[in-house]
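One structure below.
The values are calculated or read from the model by the stated rules, or taken from the named source; none is laboratory data. Source: prediction; values computed, not measured. Virtual Cβ from ideal backbone geometry, glycine too; neighbours counted across all protein chains shown.
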């Protein structure tokens, strides 16, 4: 409704505008309640299964430990979305502790865990390329102190990149330079500039460049190297005398190359589709003080957030369930846990039955 200040009458908004606002609100609520809740349940379950396999003794290689760290980051990212669901449902909508700063802390931790997951994925891809290029040398590499320090510094680097999200938007609006305290050591010089908008615009792209564009280019290059290394490391088929074995190896190698190429395409496509729109919207929002006044912009943010969560859910499917070896180990591990639980419950029932039988009076027997 829009009130006319020149008269006492009230002018109603056009029906099309009201319908658009109502439908926009319904879509935003649907994405942030039902869809987000399903994403949290499915993503958390998938990452827990992921960790069950990757942290087993037979799977503790450097690459798998990186994937396990990425699974922890994705799990942390998904769990942090639970307050958002509770907010849109209405449980904590009026809670002062949530409105007075805690929501901004969650926003910062969400962006931090997302960036950590992305850069852990880059690190894991580098390890996979090295394994294909020199399998005998990299197979002997263990998880050393240097390896764990690398993981720590990646997490610290991502924290520095996303520190802007820990600062409340009102604080950023009052002091535009506060968001760039990490990425610039010449901060005191900025207020003396006559036209600081250009400098601020440059720094608004820092987050998008280091969290989306550079990982996207790096992932593309590394996955291309992965396919090339796979083809180069294939056994020279002309050395085989058996024509049947020769033909079967050709078929097997062709299938493997097609599968890896398809997986590379899917990984890159999903990464671009799930992360690039959110970064573009973030830059638009930071450069426009009235960005949230538009219903369409609010809908854009809701869709981009849903895509980002979908990307974290897809990590389990793309990097783990696509491997036959992983699926076999997951099945074996789940069967082992099921039989372990079944045997313990069976022993408990047997002990209970024995106790009851022993307590029966002899005259009743």
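Here are 42, 67: which of them is buried (at least 19 other Cβ atoms within 10 Å of the Cβ) and part of a helix (DSSP H, G or I)? Checking each option against the conditions leaves just 67.
Please specify each residue of the range 91-108 satisfying the condition of being in contact with a helix residue (DSSP H, G or I) (Cβ under 9 Å, 6 or more places away or on another chain) and touching a residue at least 40 places away in the same chain (Cβ under 8 Å). Before you say what the answer is, go through the steps one by one.
Kept after step one, since they are in contact with a helix residue (DSSP H, G or I) (Cβ under 9 Å, 6 or more places away or on another chain), are these residues of the range 91-108: 91-93, 95, 98, 102-108.
Once the filter is applied, which keeps residues that are in contact with a helix residue (DSSP H, G or I) (Cβ under 9 Å, 6 or more places away or on another chain) and touching a residue at least 40 places away in the same chain (Cβ under 8 Å), the range 91-108 yields 104, 105, 107, 108.
When the range 270-285 is filtered for residues that are modelled with pLDDT under 80 and under 20 Å from residue 313 (Cβ atoms), only 279 remains.
Residues that are exposed (fewer than 13 other Cβ atoms within 10 Å of the Cβ), out of contact with any helix residue (DSSP H, G or I) (no Cβ under 6 Å at 6 or more places or on another chain) and in a helix (DSSP H, G or I) do occur in the range 31-38. Hey, any hits in the range 67-75 for a residue that's within 30 Å of residue 145 (Cα to Cα) and at pLDDT below 90? Yes, the range 67-75 has at least one match.
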